[in-house]
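Below: one structure, written as C-alpha coordinates.
The values are calculated or read from the model by the stated rules, or taken from the named source; none is laboratory data. Being a predicted model, the structure only gives us computed values, none of them experimental. FYI the Cβ positions are ideal-geometry reconstructions off the backbone, even for glycines, and counts take in every protein chain you see. Quick note on the areas: whole protein, heavy atoms, side chains included, nothing else; ligands and nucleic acids left out. Shrake-Rupley method; radii C 1.70, N 1.55, O 1.52, S 1.80 Å.
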Amino acid sequence: MQTPPGLEVSSSHLVCKLNKSLYGLKQASRQWYDKLTEVLYSRGYVHSMHDYSLFYRKQNSSVVFVAVYVDDVLLTGTDSKEIDQLKVFLHDKFKIKDLGQLHYFLGLEILYKSDGIVVSQRKFVLDLLKDYECLHCPPLTSPLDPTIKLKAKQGTPLSDPTFYRKLIGKLNFLTNTRLDIAYGVQHLSQFMQDPREPHLKAAYRMLRYLKGDPTLGLYFRNEGDLSLTAYCDSDWAACPDSRRSVSGYIVFLGGSPISWKSKKQETISLSSAEAEYRALRKVVGELVWLSRLLEELTVSPHLPIPVHCDSLSALHIARNPVFYERTKHIEVDCHFVRTKLQEGLISLHHIGTGQQLADVLTKALTGIKHSSVLGKLGVTPSPPT
(Lines give C-alpha, C1' and ligand atoms only; values in the text may rest on other atoms or scores of the structure.)
Protein backbone atom coordinates (compact mmCIF):
# COMPACT_ATOMS: atom_id res chain seq x y z
CA MET A 1 0.00 0.00 0.00
CA GLN A 2 1.09 3.56 -0.57
CA THR A 3 1.97 5.90 2.28
CA PRO A 4 -1.09 7.98 3.30
CA PRO A 5 -0.91 11.67 2.26
CA GLY A 6 0.65 13.90 4.93
CA LEU A 7 2.66 11.12 6.58
CA GLU A 8 6.39 11.84 6.47
CA VAL A 9 8.59 8.71 6.47
CA SER A 10 12.25 9.15 7.32
CA SER A 11 13.42 5.91 5.72
CA SER A 12 12.36 4.14 2.55
CA HIS A 13 12.87 0.77 4.28
CA LEU A 14 9.95 1.25 6.66
CA VAL A 15 6.56 -0.36 6.02
CA CYS A 16 3.02 0.44 7.20
CA LYS A 17 1.44 -1.80 9.80
CA LEU A 18 -2.22 -2.33 8.91
CA ASN A 19 -4.15 -2.59 12.18
CA LYS A 20 -7.53 -3.17 10.53
CA SER A 21 -8.37 -4.67 7.14
CA LEU A 22 -9.70 -2.25 4.55
CA TYR A 23 -11.75 -4.97 2.87
CA GLY A 24 -13.90 -7.77 4.24
CA LEU A 25 -15.34 -5.76 7.12
CA LYS A 26 -18.65 -7.08 8.38
CA GLN A 27 -20.41 -3.81 7.72
CA ALA A 28 -18.77 -3.15 4.31
CA SER A 29 -21.47 -4.80 2.19
CA ARG A 30 -24.23 -3.01 4.10
CA GLN A 31 -22.53 0.36 3.74
CA TRP A 32 -22.01 -0.21 0.02
CA TYR A 33 -25.67 -1.13 -0.47
CA ASP A 34 -26.82 1.94 1.48
CA LYS A 35 -24.58 4.18 -0.64
CA LEU A 36 -25.77 2.67 -3.92
CA THR A 37 -29.39 2.97 -2.78
CA GLU A 38 -28.87 6.63 -1.90
CA VAL A 39 -27.36 7.35 -5.32
CA LEU A 40 -30.18 5.58 -7.19
CA TYR A 41 -32.83 7.30 -5.07
CA SER A 42 -31.32 10.67 -6.00
CA ARG A 43 -32.02 9.91 -9.66
CA GLY A 44 -35.65 8.93 -9.08
CA TYR A 45 -35.32 5.16 -8.76
CA VAL A 46 -37.30 3.28 -6.13
CA HIS A 47 -37.03 -0.13 -4.53
CA SER A 48 -39.13 -3.01 -5.69
CA MET A 49 -41.48 -4.02 -2.88
CA HIS A 50 -41.18 -7.69 -3.80
CA ASP A 51 -37.46 -8.10 -4.53
CA TYR A 52 -35.10 -5.85 -2.60
CA SER A 53 -32.25 -6.32 -5.08
CA LEU A 54 -34.36 -4.66 -7.80
CA PHE A 55 -34.75 -0.92 -8.46
CA TYR A 56 -36.83 0.74 -11.15
CA ARG A 57 -37.94 4.10 -12.51
CA LYS A 58 -41.17 4.57 -14.43
CA GLN A 59 -41.94 7.77 -16.34
CA ASN A 60 -44.86 7.78 -18.79
CA SER A 61 -44.13 4.91 -21.19
CA SER A 62 -40.47 4.69 -20.15
CA VAL A 63 -39.36 2.09 -17.61
CA VAL A 64 -35.80 1.15 -16.59
CA PHE A 65 -34.83 -1.64 -14.18
CA VAL A 66 -31.63 -2.00 -12.15
CA ALA A 67 -30.82 -5.45 -10.72
CA VAL A 68 -28.07 -5.45 -8.09
CA TYR A 69 -25.92 -8.27 -6.73
CA VAL A 70 -23.28 -6.72 -4.42
CA ASP A 71 -21.25 -4.67 -6.95
CA ASP A 72 -22.49 -6.39 -10.11
CA VAL A 73 -25.33 -4.45 -11.75
CA LEU A 74 -27.65 -5.24 -14.66
CA LEU A 75 -29.48 -2.48 -16.53
CA THR A 76 -32.45 -3.07 -18.79
CA GLY A 77 -35.64 -1.34 -19.87
CA THR A 78 -37.49 0.37 -22.68
CA ASP A 79 -35.58 3.68 -22.59
CA SER A 80 -32.09 3.25 -24.07
CA LYS A 81 -31.37 6.98 -23.63
CA GLU A 82 -31.99 6.81 -19.87
CA ILE A 83 -29.86 3.66 -19.63
CA ASP A 84 -26.93 5.48 -21.29
CA GLN A 85 -27.40 8.49 -19.01
CA LEU A 86 -27.58 6.21 -15.95
CA LYS A 87 -24.27 4.61 -16.92
CA VAL A 88 -22.62 8.02 -17.08
CA PHE A 89 -24.23 8.98 -13.76
CA LEU A 90 -23.01 5.82 -12.00
CA HIS A 91 -19.54 6.20 -13.51
CA ASP A 92 -19.27 9.70 -12.05
CA LYS A 93 -20.19 8.33 -8.63
CA PHE A 94 -18.35 4.98 -8.56
CA LYS A 95 -16.07 4.65 -11.64
CA ILE A 96 -17.90 1.68 -13.12
CA LYS A 97 -16.84 -0.60 -15.96
CA ASP A 98 -19.37 -1.02 -18.77
CA LEU A 99 -19.24 -4.62 -20.07
CA GLY A 100 -21.79 -4.05 -22.83
CA GLN A 101 -24.47 -6.57 -23.72
CA LEU A 102 -25.04 -9.28 -21.14
CA HIS A 103 -23.13 -12.48 -21.88
CA TYR A 104 -21.78 -13.67 -18.52
CA PHE A 105 -23.12 -12.84 -15.06
CA LEU A 106 -22.32 -14.58 -11.75
CA GLY A 107 -21.47 -17.84 -13.48
CA LEU A 108 -24.50 -17.68 -15.80
CA GLU A 109 -23.79 -17.74 -19.54
CA ILE A 110 -26.34 -16.03 -21.79
CA LEU A 111 -26.35 -17.09 -25.43
CA TYR A 112 -28.56 -15.28 -27.95
CA LYS A 113 -30.59 -17.02 -30.67
CA SER A 114 -32.95 -15.58 -33.26
CA ASP A 115 -36.02 -16.72 -31.31
CA GLY A 116 -34.81 -16.31 -27.71
CA ILE A 117 -31.93 -16.85 -25.32
CA VAL A 118 -30.35 -19.82 -23.56
CA VAL A 119 -29.10 -19.39 -19.99
CA SER A 120 -26.61 -22.06 -18.93
CA GLN A 121 -23.64 -22.72 -16.63
CA ARG A 122 -21.52 -24.63 -19.13
CA LYS A 123 -18.16 -23.34 -17.92
CA PHE A 124 -19.08 -23.99 -14.30
CA VAL A 125 -20.03 -27.60 -15.13
CA LEU A 126 -16.80 -28.22 -17.04
CA ASP A 127 -14.71 -26.75 -14.22
CA LEU A 128 -16.63 -28.89 -11.73
CA LEU A 129 -16.00 -32.07 -13.73
CA LYS A 130 -12.32 -31.17 -14.02
CA ASP A 131 -11.94 -30.44 -10.30
CA TYR A 132 -13.44 -33.82 -9.36
CA GLU A 133 -11.65 -35.71 -12.17
CA CYS A 134 -14.82 -36.77 -14.00
CA LEU A 135 -14.08 -35.39 -17.47
CA HIS A 136 -13.28 -38.84 -18.84
CA CYS A 137 -15.93 -40.82 -16.92
CA PRO A 138 -18.68 -42.52 -18.95
CA PRO A 139 -21.89 -40.45 -18.79
CA LEU A 140 -25.21 -41.57 -17.27
CA THR A 141 -28.78 -40.73 -18.27
CA SER A 142 -30.26 -39.93 -14.83
CA PRO A 143 -28.94 -37.98 -11.81
CA LEU A 144 -29.79 -40.62 -9.19
CA ASP A 145 -30.34 -44.38 -9.26
CA PRO A 146 -34.11 -44.87 -8.66
CA THR A 147 -33.49 -48.37 -7.26
CA ILE A 148 -31.32 -47.15 -4.36
CA LYS A 149 -32.80 -45.61 -1.19
CA LEU A 150 -30.19 -43.57 0.65
CA LYS A 151 -30.38 -43.46 4.45
CA ALA A 152 -28.70 -41.15 6.96
CA LYS A 153 -26.73 -43.79 8.92
CA GLN A 154 -25.98 -46.10 6.02
CA GLY A 155 -22.37 -46.98 5.17
CA THR A 156 -18.96 -45.88 6.44
CA PRO A 157 -18.55 -42.23 7.54
CA LEU A 158 -16.26 -40.14 5.34
CA SER A 159 -12.83 -39.28 6.73
CA ASP A 160 -13.16 -35.77 5.26
CA PRO A 161 -16.80 -34.55 5.40
CA THR A 162 -15.74 -31.14 4.04
CA PHE A 163 -15.01 -32.72 0.65
CA TYR A 164 -18.64 -33.87 0.35
CA ARG A 165 -20.06 -30.58 1.61
CA LYS A 166 -18.10 -28.54 -0.92
CA LEU A 167 -19.28 -30.77 -3.75
CA ILE A 168 -22.94 -30.50 -2.72
CA GLY A 169 -22.56 -26.73 -2.32
CA LYS A 170 -21.33 -26.43 -5.89
CA LEU A 171 -24.10 -28.68 -7.18
CA ASN A 172 -26.61 -26.53 -5.32
CA PHE A 173 -25.33 -23.43 -7.14
CA LEU A 174 -25.79 -25.32 -10.41
CA THR A 175 -29.53 -25.72 -9.75
CA ASN A 176 -29.92 -22.04 -10.74
CA THR A 177 -30.20 -23.28 -14.33
CA ARG A 178 -30.33 -27.07 -14.03
CA LEU A 179 -33.75 -27.85 -12.59
CA ASP A 180 -33.24 -31.44 -13.78
CA ILE A 181 -30.88 -32.04 -10.82
CA ALA A 182 -32.89 -30.06 -8.24
CA TYR A 183 -34.40 -33.13 -6.60
CA GLY A 184 -31.08 -34.98 -6.50
CA VAL A 185 -29.25 -32.04 -4.91
CA GLN A 186 -32.04 -31.57 -2.36
CA HIS A 187 -31.85 -35.27 -1.50
CA LEU A 188 -28.07 -35.34 -1.12
CA SER A 189 -28.15 -32.15 0.97
CA GLN A 190 -29.98 -34.07 3.70
CA PHE A 191 -26.75 -35.91 4.58
CA MET A 192 -24.31 -33.01 4.91
CA GLN A 193 -24.23 -33.28 8.71
CA ASP A 194 -22.83 -36.82 8.61
CA PRO A 195 -21.90 -37.78 5.01
CA ARG A 196 -21.05 -41.41 4.27
CA GLU A 197 -19.66 -43.50 1.44
CA PRO A 198 -23.00 -44.24 -0.33
CA HIS A 199 -23.84 -40.52 -0.27
CA LEU A 200 -20.54 -39.58 -1.92
CA LYS A 201 -21.00 -42.35 -4.48
CA ALA A 202 -24.44 -40.92 -5.36
CA ALA A 203 -22.92 -37.42 -5.68
CA TYR A 204 -20.33 -38.76 -8.14
CA ARG A 205 -23.13 -40.42 -10.08
CA MET A 206 -24.68 -36.95 -10.48
CA LEU A 207 -21.36 -35.67 -11.85
CA ARG A 208 -21.42 -38.47 -14.42
CA TYR A 209 -24.94 -37.39 -15.37
CA LEU A 210 -23.72 -33.81 -15.87
CA LYS A 211 -20.93 -35.19 -18.06
CA GLY A 212 -23.63 -36.37 -20.50
CA ASP A 213 -24.32 -32.79 -21.65
CA PRO A 214 -22.63 -29.92 -19.76
CA THR A 215 -24.29 -27.37 -22.07
CA LEU A 216 -27.87 -27.95 -20.92
CA GLY A 217 -29.58 -24.71 -19.92
CA LEU A 218 -32.89 -22.88 -19.82
CA TYR A 219 -34.45 -21.68 -23.06
CA PHE A 220 -36.44 -18.44 -22.93
CA ARG A 221 -38.45 -17.63 -26.04
CA ASN A 222 -38.92 -14.02 -27.15
CA GLU A 223 -42.58 -14.59 -28.06
CA GLY A 224 -45.42 -12.52 -26.61
CA ASP A 225 -46.99 -15.27 -24.47
CA LEU A 226 -46.58 -14.07 -20.87
CA SER A 227 -49.14 -16.32 -19.21
CA LEU A 228 -48.24 -18.21 -16.02
CA THR A 229 -48.76 -21.95 -15.60
CA ALA A 230 -47.84 -24.04 -12.58
CA TYR A 231 -47.38 -27.74 -11.77
CA CYS A 232 -47.06 -29.23 -8.30
CA ASP A 233 -46.50 -32.74 -7.01
CA SER A 234 -45.36 -34.63 -3.93
CA ASP A 235 -43.91 -38.01 -3.02
CA TRP A 236 -45.63 -39.21 0.14
CA ALA A 237 -43.42 -40.38 3.05
CA ALA A 238 -40.42 -40.40 0.72
CA CYS A 239 -37.76 -40.02 3.44
CA PRO A 240 -36.98 -43.47 4.95
CA ASP A 241 -35.56 -41.86 8.11
CA SER A 242 -38.23 -39.26 9.01
CA ARG A 243 -41.14 -40.43 6.76
CA ARG A 244 -41.63 -36.86 5.64
CA SER A 245 -42.83 -36.19 2.11
CA VAL A 246 -41.07 -34.29 -0.68
CA SER A 247 -42.82 -31.38 -2.40
CA GLY A 248 -41.97 -30.10 -5.84
CA TYR A 249 -43.33 -27.36 -8.06
CA ILE A 250 -42.44 -25.59 -11.26
CA VAL A 251 -43.83 -22.34 -12.71
CA PHE A 252 -43.72 -21.46 -16.41
CA LEU A 253 -43.91 -18.01 -17.97
CA GLY A 254 -45.10 -18.77 -21.47
CA GLY A 255 -43.26 -22.00 -22.17
CA SER A 256 -40.17 -21.17 -20.12
CA PRO A 257 -39.54 -22.18 -16.49
CA ILE A 258 -38.92 -19.22 -14.19
CA SER A 259 -39.32 -20.75 -10.71
CA TRP A 260 -39.01 -24.24 -9.26
CA LYS A 261 -38.31 -25.95 -5.97
CA SER A 262 -37.79 -29.42 -4.55
CA LYS A 263 -37.97 -29.58 -0.76
CA LYS A 264 -38.77 -31.98 2.04
CA GLN A 265 -41.91 -30.96 3.92
CA GLU A 266 -41.62 -29.56 7.45
CA THR A 267 -44.11 -31.95 9.01
CA ILE A 268 -45.24 -35.54 8.50
CA SER A 269 -48.30 -35.86 6.28
CA LEU A 270 -50.81 -38.50 7.36
CA SER A 271 -51.99 -39.23 3.81
CA SER A 272 -50.91 -38.74 0.22
CA ALA A 273 -53.78 -36.25 -0.22
CA GLU A 274 -52.42 -34.13 2.63
CA ALA A 275 -48.91 -34.24 1.13
CA GLU A 276 -50.27 -33.11 -2.24
CA TYR A 277 -52.28 -30.35 -0.57
CA ARG A 278 -49.16 -29.04 1.17
CA ALA A 279 -47.35 -29.03 -2.19
CA LEU A 280 -50.29 -27.09 -3.60
CA ARG A 281 -49.96 -24.54 -0.80
CA LYS A 282 -46.27 -23.99 -1.64
CA VAL A 283 -46.84 -23.29 -5.32
CA VAL A 284 -49.78 -20.94 -4.62
CA GLY A 285 -47.59 -18.94 -2.25
CA GLU A 286 -45.00 -18.65 -5.01
CA LEU A 287 -47.67 -17.55 -7.49
CA VAL A 288 -48.88 -14.81 -5.17
CA TRP A 289 -45.35 -13.37 -5.07
CA LEU A 290 -44.71 -13.83 -8.79
CA SER A 291 -47.98 -12.18 -9.83
CA ARG A 292 -47.16 -9.11 -7.72
CA LEU A 293 -43.59 -8.97 -9.03
CA LEU A 294 -44.75 -9.23 -12.66
CA GLU A 295 -47.21 -6.40 -12.14
CA GLU A 296 -44.33 -4.30 -10.85
CA LEU A 297 -42.39 -5.27 -13.99
CA THR A 298 -45.33 -3.91 -16.05
CA VAL A 299 -46.35 -7.45 -17.06
CA SER A 300 -49.86 -8.16 -15.80
CA PRO A 301 -50.39 -11.94 -15.60
CA HIS A 302 -53.54 -13.46 -17.04
CA LEU A 303 -55.87 -14.57 -14.24
CA PRO A 304 -56.76 -17.08 -13.07
CA ILE A 305 -53.39 -18.86 -13.18
CA PRO A 306 -53.88 -22.57 -13.99
CA VAL A 307 -52.32 -24.91 -11.40
CA HIS A 308 -52.00 -28.56 -12.39
CA CYS A 309 -52.09 -31.31 -9.78
CA ASP A 310 -52.45 -35.08 -10.23
CA SER A 311 -54.33 -35.65 -6.95
CA LEU A 312 -58.13 -35.40 -7.08
CA SER A 313 -58.30 -35.62 -3.29
CA ALA A 314 -56.10 -32.53 -2.86
CA LEU A 315 -58.25 -30.61 -5.35
CA HIS A 316 -61.43 -31.58 -3.46
CA ILE A 317 -59.90 -30.35 -0.18
CA ALA A 318 -59.00 -27.01 -1.79
CA ARG A 319 -62.46 -26.53 -3.31
CA ASN A 320 -64.55 -27.65 -0.34
CA PRO A 321 -65.00 -25.03 2.41
CA VAL A 322 -66.26 -27.63 4.91
CA PHE A 323 -63.74 -29.03 7.40
CA TYR A 324 -63.97 -32.79 7.53
CA GLU A 325 -62.38 -35.10 10.09
CA ARG A 326 -59.65 -35.94 7.58
CA THR A 327 -58.59 -32.30 7.09
CA LYS A 328 -59.06 -30.55 10.45
CA HIS A 329 -55.52 -31.44 11.57
CA ILE A 330 -53.97 -29.56 8.63
CA GLU A 331 -52.53 -26.17 9.56
CA VAL A 332 -54.71 -23.14 8.86
CA ASP A 333 -52.10 -21.53 6.60
CA CYS A 334 -52.48 -24.38 4.11
CA HIS A 335 -56.12 -23.44 3.60
CA PHE A 336 -55.20 -20.08 2.10
CA VAL A 337 -55.24 -22.05 -1.18
CA ARG A 338 -59.04 -21.88 -0.90
CA THR A 339 -58.91 -18.13 -0.42
CA LYS A 340 -56.81 -17.59 -3.54
CA LEU A 341 -59.09 -19.92 -5.48
CA GLN A 342 -62.14 -17.89 -4.42
CA GLU A 343 -60.35 -14.61 -5.20
CA GLY A 344 -59.73 -15.80 -8.75
CA LEU A 345 -55.93 -15.79 -8.60
CA ILE A 346 -55.68 -19.47 -9.47
CA SER A 347 -57.72 -22.20 -11.12
CA LEU A 348 -57.15 -25.86 -10.25
CA HIS A 349 -56.85 -28.57 -12.89
CA HIS A 350 -56.37 -32.31 -12.61
CA ILE A 351 -53.86 -34.00 -14.88
CA GLY A 352 -52.64 -37.56 -15.23
CA THR A 353 -49.42 -38.64 -13.59
CA GLY A 354 -47.84 -39.09 -17.02
CA GLN A 355 -48.33 -35.37 -17.78
CA GLN A 356 -47.09 -34.18 -14.37
CA LEU A 357 -43.95 -32.13 -15.14
CA ALA A 358 -43.17 -31.58 -11.45
CA ASP A 359 -42.64 -35.33 -11.03
CA VAL A 360 -38.93 -34.83 -11.77
CA LEU A 361 -38.69 -32.61 -8.65
CA THR A 362 -40.07 -35.19 -6.20
CA LYS A 363 -38.35 -38.48 -6.99
CA ALA A 364 -35.54 -40.16 -8.90
CA LEU A 365 -36.69 -41.25 -12.37
CA THR A 366 -35.33 -43.84 -14.75
CA GLY A 367 -33.07 -42.62 -17.54
CA ILE A 368 -35.73 -42.97 -20.24
CA LYS A 369 -38.44 -41.16 -18.29
CA HIS A 370 -36.01 -38.48 -17.09
CA SER A 371 -34.85 -37.75 -20.65
CA SER A 372 -38.42 -37.56 -21.95
CA VAL A 373 -39.32 -34.88 -19.39
CA LEU A 374 -36.38 -32.56 -20.16
CA GLY A 375 -37.76 -31.29 -23.47
CA LYS A 376 -41.10 -30.42 -21.84
CA LEU A 377 -39.32 -28.49 -19.08
CA GLY A 378 -37.64 -26.02 -21.42
CA VAL A 379 -34.19 -27.49 -20.76
CA THR A 380 -32.15 -27.43 -23.95
CA PRO A 381 -28.49 -27.72 -25.02
CA SER A 382 -26.66 -24.44 -25.58
CA PRO A 383 -25.80 -23.68 -29.22
CA PRO A 384 -22.09 -23.80 -30.08
CA THR A 385 -20.29 -20.50 -29.62
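Name the shape class, rounded, prolate or oblate, that the alpha-carbon gyration tensor gives for the range 47-175, where a ≥ b ≥ c are the square roots of its eigenvalues, rounded holds for a/c under 1.5, and otherwise prolate holds if a/b is larger than b/c and oblate otherwise.
Details: a/c = 2.61, a/b = 2.35, b/c = 1.11.
Taking the square roots of the gyration eigenvalues as a ≥ b ≥ c, the range 47-175 is prolate.
Computed 3J(HN,Hα) for the range 252-257, one whole-Hz value per residue from the Karplus formula 6.51 cos²θ - 1.76 cosθ + 1.60 where θ = phi - 60°, is 10, 10, x, x, 10, x, glycine and proline marked x. What the range 22-120 shows is 66 Å² of accessible area per residue, with the surface traced by a 1.4 Å probe over protein heavy atoms.
Build a GNM of the chain with springs between Cα atoms under 10 Å: which of LYS58, LYS151, LYS97 gets the top mean-square fluctuation? Greatest mean-square fluctuation among the candidates belongs to LYS97.
With Cα atoms defining each centre, the range 347-368 and the range 104-140 are spaced 26 Å apart in the structure. The packing ranking of peptides 273-279, 164-170, 212-218, highest mean first, is 273-279, 212-218, 164-170, where packing means the average number of other beta carbon atoms within 10 angstrom of each residue. In the range 185-327, a dipole from Cβ-located charges (positive for Lys and Arg, negative for Asp and Glu) runs towards its positive end, and of ILE305, TRP260, LEU200 it is LEU200 whose Cα lies farthest in that direction. What whole-number distance in Å separates the alpha-carbon centres of the range 3-75 and the range 171-238? Cα centres, the range 3-75 to the range 171-238: 34 Å. Rg/Rh for the chain stands at 1.03; both radii use Cα atoms, and Rh follows the Kirkwood definition.
For the chain, the share of accessible area belonging to carbon and sulfur comes to 55 percent (1.4 Å probe, ligands and nucleic acids excluded).
From the helices alone, meaning DSSP H stretches of at least four residues, give me the mean residue ellipticity at 222 nm for the chain, per-run term -39500 (n - 2.57), in deg cm²/dmol to the nearest 500.
Calculated at 222 nm, the ellipticity per residue is -10500 deg cm²/dmol.
Computed from point charges on the beta carbon alone (+1 for Lys and Arg, -1 for Asp and Glu), the dipole magnitude for the chain about its Cα centre is near 780 Debye. Scalar couplings 3J(HN,Hα) for the range 162-173, obtained by applying the Karplus form with A = 6.51, B = -1.76, C = 1.60 to θ = phi - 60°, are 4, 4, 5, 5, 5, 5, 5, x, 5, 5, 5, 5 Hz; x denotes Gly and Pro.
Among 201-210, 139-148, 365-374, how do they line up from the highest to the lowest mean number of other beta-carbon atoms within 10 Å? Intermediate values should be presented prior to the final figure.
Working: 201-210: 19.2, 139-148: 16.6, 365-374: 14.9.
Descending mean neighbour count gives 201-210, 139-148, 365-374.
Rounded if a/c is under 1.5, else prolate if a/b beats b/c, else oblate: with a ≥ b ≥ c from the C-alpha gyration tensor eigenvalues square-rooted, which is the range 129-199?
Details: a/c = 1.39, a/b = 1.27, b/c = 1.09.
In terms of gyration-tensor shape, rounded.
Stretching THR147 away from TYR132 to a fully extended chain increases their span by 2.9 nm, per 0.36 nm per residue minus the current alpha-carbon distance.
Accessible surface calculations at 1.4 Å, restricted to protein heavy atoms, place the range 244-353 at 45 Å² per residue.
How would you rank 171-177, 3-9, highest first, on the average number of other Cβ atoms within 10 Å across their residues? Numbers along the way, then the final one.
On the way: 171-177: 18.4, 3-9: 7.1.
Going by the mean number of other Cβ atoms within 10 Å, highest first, we get 171-177, 3-9.
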